[in-house]
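Here is the structure we will look at.
Nothing in this text is a laboratory measurement; each read-out follows from the coordinates by a stated rule. It should be emphasised that the depicted structure is a prediction, and the values quoted were computed from it without experimental measurement. Please note: Cβ atoms are built from the backbone with ideal geometry, for glycine as well, and neighbour counts cover all protein chains shown.
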Ligand code: SF4
Ligand code: SF4
């Protein structure tokens, strides 16, 4: 797992998305990031998704972590979101300390093993 997520600490602030896009393209946008905020209609239900190589997704939601492969994909994105398949996969920020880990206010992200 490249990035670990302590799902119950996530506040849904979305800063990790902006940090990831800034590191990649030097712009702040939710459309270019490898980590995406996951929101549901349910009140206080949110988490993040991380795109890995080969279109594998880490879903980090209140109930815990799930690895989702392309073969069991359902539509997990909200309207207007850039399709997951068009985004770059997480490269763990190369040699740098992961931007998403550094910016997460409640420190729910950490570099994986
Ligand atoms: S580790 Fe880097 S590339 Fe991966 S989601 Fe975090 S900021 Fe994006
Ligand atoms: S920066 Fe941290 S608290 Fe904010 S949405 Fe991302 S994982 Fe959740």
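Annotations for the structure displayed:
- Residue 67-residue 91 FRET efficiency (beta carbon distance; Förster radius 25 Å; 0.05 resolution): 0.90
- Relative contact order (%) - the chain, alpha-carbon pairs under 8 angstrom, separation at least six: 34
- Shape call, the range 13-113: gyration tensor on alpha carbons, a/c limit 1.5: rounded
- Residue list for the range 94-113, given a label point 7 angstrom along the Cα-to-Cβ vector of residue 11 and an amide N cut-off under 12 Å: 104-108
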